[in-house]
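Single-structure report; data block below.
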Amino acid sequence: MLNLQKFGVTFKRNLMDKSNKSGAEALIHSLHLEGVEFMFGYPGGAALHIYDAIFNQNYVDHILVRHEQGAVHAADGYARATGKPGVALVTSGPGATNAITGLATAYMDSTPIVVISGQVKSNLIGTDSFQETDMIGISRPIVKHSFLVQRAEHIPEIVKKAFHIATTGRPGPVVIDVPKDLTDPEYKFEFHYPKEINMRSYNPPTEGDTSRIKEAVDLIETAKRPVIYSGGGVIQNDASDELIELAKLLNFPVTNTLMGLGAFPGSDPQFMGMLGMHGTYQANMAMHNADLIIAIGARFDDRITNDPKQFSLGAKKIHIDVDPASVSKIIHADIPIVGSAKECLSALLLELNSRNLKLNESDISEWNKQISTWRDAHGLNHSLLELGPQNGKILPQQVVQSLYKETNGEAFITSDVGQHQMFAAQYYHFDKPRQWINSGGLGTMGFGLPSAMGVQLAFPESTVACVTGEGSIQMCIQELSTCLQYGLPIKIINLNNAALGMVRQWQDMQYGGRHSSSTYENSLPDFIALAESYGHVGIKVTKFEDLEAAMKECVSLKDRLVFLDVDVDPNEHVYPMLEAGNAMDHMWLGKEEKTWK
Amino acid sequence: MKRVIALLMENQPGALSRVVGLFSQRGYNIETLVVAPTTDPTLSRLTMSTEGDEKVVEQITKQLDKLIDVVLVTNLSESEFVERELMLIKFRKDSFPENAFQDSNVVSKNDEVINVQVVGTSSELDALITEIKGSNPIEVVRSGSLGISSDKNTLSIEN
């Protein structure tokens, strides 16, 4: 049964409560004033005053996870799906260190989360006391900013600053480390929540440096082989509508990064699919042969460019990004535009619409035809289900296509890391932003299930599926218990190839097929029994003939978590795949087929 | 080429470790680093010299600017600037190279050792060390470079 009656109830925010509060009460009340509905966490000694304050209020719901990594991933998933900051609460020492992978994941993908960690009492800091760890120090390289609270009275202002920093500019995780004595219920002070915050050292670009917009439009008018390349920044900044408007106005082909999928409708014919390491043939060929690349909220990551020295040498680059440090970091920007994706795209559209625009329409039409030719030659086959079993086995891609079909392409899909992640990215057409949630930057196995919890809590009525593999799912499988406690009906789609598929693929391709530590030698659990022991539904699929009926059943069980364990062809590789250290037109298209001689 | 970067940051715990950590985290090299509070006690001024081409230094300044505790950053070597470093040198009295120094350089002296102080550009100090090598100085301490622009520009939150 769905156990969400507690949730979805909108409490009128208690803005008027200015009574004296302890540090712990001030912390929770500040979260409430920031609009926090849920927080994910795990109690422990240094955080117990805070947990007592949570018990005594009704505004912020606490979700008890089974491991702190799960708490941070859940907060991250919530943030990615809603656009609102996610919050996690952990205790000191091991609680804090367990949160580190979650923080690094959020940092690499620039998601707005606030992680509150209990700390030992102020007078014990630095004495190697029980469950003490230097959280500020250990998290420093993987947070946007962090605060060590030094006086209880500072808590409201620090929370205000933390949310401001986490959500503005290029978003990112913020840590608040709170020594236990500063949350003492015996010490109360007058509570004031600052209305606004002014930090002289933090002024992220908001309106955007649009002085270069005219130059950008001049360049757009000369383009014959243009590509729009957009990334996670467009999704983070809710600039999808502007992106679509731009692409439609110009009739330029669009590709999205792994983090940017859904910003442009995946089923639109103008969409070339994902680009990069496992991008489509047509997207990578278009990037390589372009004469203009318009990069928006994307950072020319090494999984995109392959060898930067050979990257799209014939193209001028317009680079729009909110982070000045991302511009010209890897690839020189001919026209750098620093500002938020939404503001910059709006300014660009305004300039385009105000001109008597002269595009090279016949060249662009030729270019689009060329892309179609590439697509026809080596594009992904989105009708694999019609082929039936392959050598008696189910292809992992077929499972994703079946999921797409049964969910009408409308589900939230979270993912872990590996082959299944790439198959999901390639074969589920994401038509909406925030629909696809995965750890792109850090590549964190174990992200899928806990992040799905955050998504499901935010959208209790929506279908949330976690596309995973038998390797990744075991990294945070303890959260199955959390899902039972809170009645989260997530659909776990386990592409079970009984191997660490992506590792195995690399071993096949680069290590002479020596499968060093990438198989389990018959030690995998019975996932059906496992799911059932956690109180959920398990469905096993071993034959192609059963796949679609099982998927239908899985998706139709609206109130239950379903663990769909599908045995897939263990020999399947992800293609295309860029050849390491070369240009983007050097792709493996199959085990024997490649684009170069 | 040697570059000198100066920045103002919040004078609070943790700020320095963020700046220094950034260098190791992103693989940049720090040659010298000097930090002290300014006349405004809420701010510290940090001067660092580093080797790197223009592109690397541009990345360094951008990444420093992103740190929340950093208020202002400037690459002093982009225009004319004055660079100075202080050096203290200890000699045994019997091998003190008198001709290399003036009396005003001597800051302490006893029967065994003489300490001198010298101020100059880093390259002047490098040259001096080479020059006095034969006198076997027993200890050399350098402060690291400080920098200030030669024109009317100032690194200040006032303007």
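A Cα-only calculation for the stretch A:288-392 places Rg and Dmax at 18.2, 59 Å.
Calculated on the alpha-carbon coordinates, the convex hull of the stretch A:210-378 measures out at 95 cubic angstrom per residue.
Across every pair of different alpha-carbon atoms, what Kirkwood hydrodynamic radius in Å does the stretch A:384-578 reach? Provide the component values of the computation, followed by the final result.
Numbers: mean 1/r = 0.0603 Å⁻¹.
For the stretch A:384-578, the Kirkwood estimate is 16.6 Å.
Please report the antiparallel percentage of DSSP beta bridges with both residues in chain A, rounded to the nearest 5. Could you put the intermediate results ahead of the total?
Values: 7 of 69 bridges.
Approximately 10 percent, going by the DSSP bridge assignments.
Among A:179-191, A:317-329, sorting by the average number of other beta carbon atoms lying within 10 angstrom of each residue, highest first, gives A:317-329, A:179-191.
Expressed as a rounded percentage, what relative contact order does the stretch A:21-189 have, with Cα pairs under 8 Å and six or more residues apart? Numbers along the way, then the final one.
On the way: 385 pairs, mean separation 47.9, N = 169.
RCO, the stretch A:21-189: 28 percent.
Determine the dipole magnitude for the protein assembly as shown: charges of +1 sit on the beta-carbon of Lys and Arg, -1 on that of Asp and Glu, nothing else is charged, the reference point is the Cα centre, and the result goes in debye to the nearest 20. Before the final figure, lay out each step's value.
Working: 66 positive and 92 negative charges, 94 e Å.
Once rounded to the nearest 20, the dipole reads 440 debye.
Pairs of Cα atoms in chain B fall into 5 Å distance bins, from 0 up to the last occupied one, in shares of 2, 8, 17, 18, 15, 13, 10, 9, 6, 2, 0 percent.
When shorter helices are ignored and each DSSP H run of at least 4 residues is given -39500 (n - 2.57), the per-residue value for chain A at 222 nm works out to -10000 deg cm²/dmol. Based on Cα contacts under 8 Å between residues 6+ apart, the stretch A:279-380 shows a relative contact order of 29 percent. Computed over the Cα atoms of the protein assembly as shown, the ratio of the radius of gyration to the Kirkwood radius (Rg/Rh) comes to 1.02.
Using +1 at the C-beta of Lys and Arg and -1 at the C-beta of Asp and Glu, which of B:Asn110, B:Ser95, B:Phe81 has the Cα lying farthest in the positive direction of the dipole of the stretch B:81-146? The one lying farthest along the dipole's positive direction is B:Asn110. Comparing A:Val555, A:Val338, A:Ser365 along the charge dipole axis of the protein assembly as shown, the residue lying farthest to the positive side is A:Val555, per the Cβ-charge model. For the listed peptides A:493-503, A:193-203, B:79-89, a ranking on the average number of other beta carbons within 10 Å per residue, highest first, reads A:493-503, B:79-89, A:193-203. In this structure, the residue pairs whose Cα-Cα separation is over 26 Å, taken from A:Lys316/A:Lys342; A:Lys329/A:Lys591; A:Lys214/A:Lys316, are A:Lys329/A:Lys591. Counts of other chain beta carbons within 10 angstrom of each beta carbon in peptide B:62-69 average 6. Judged by the mean number of other Cβ atoms found within 10 Å, the most tightly packed of the peptides A:97-106, A:509-518, A:530-539, A:120-129 leads the ranking A:97-106, A:530-539, A:120-129, A:509-518.
Of interest is the spacing of the C-alpha centroids, which for the stretch A:406-475 and the stretch A:58-76 amounts to 18 Å.
Residue by residue along A:140-150, Cβ atoms of other protein chains within 10 Å of the local Cβ number 3 on average.
If you average the sequence gap of Cα pairs under 8 Å that are 6 or more apart and divide by the length of chain A, what percent do you get for the contact order?
Values: 1350 pairs, mean separation 84.7, N = 597.
After rounding, I find 14 percent.
Taken together, the values in this text are just the output of simple stated rules run on the coordinates, not laboratory data. Bear in mind that the values here come from a model prediction, so they are computed numbers and not experimental data. Because the Cβ atoms are built from the backbone with ideal geometry, glycine has one as well, and the counts that use them run over all protein chains shown.
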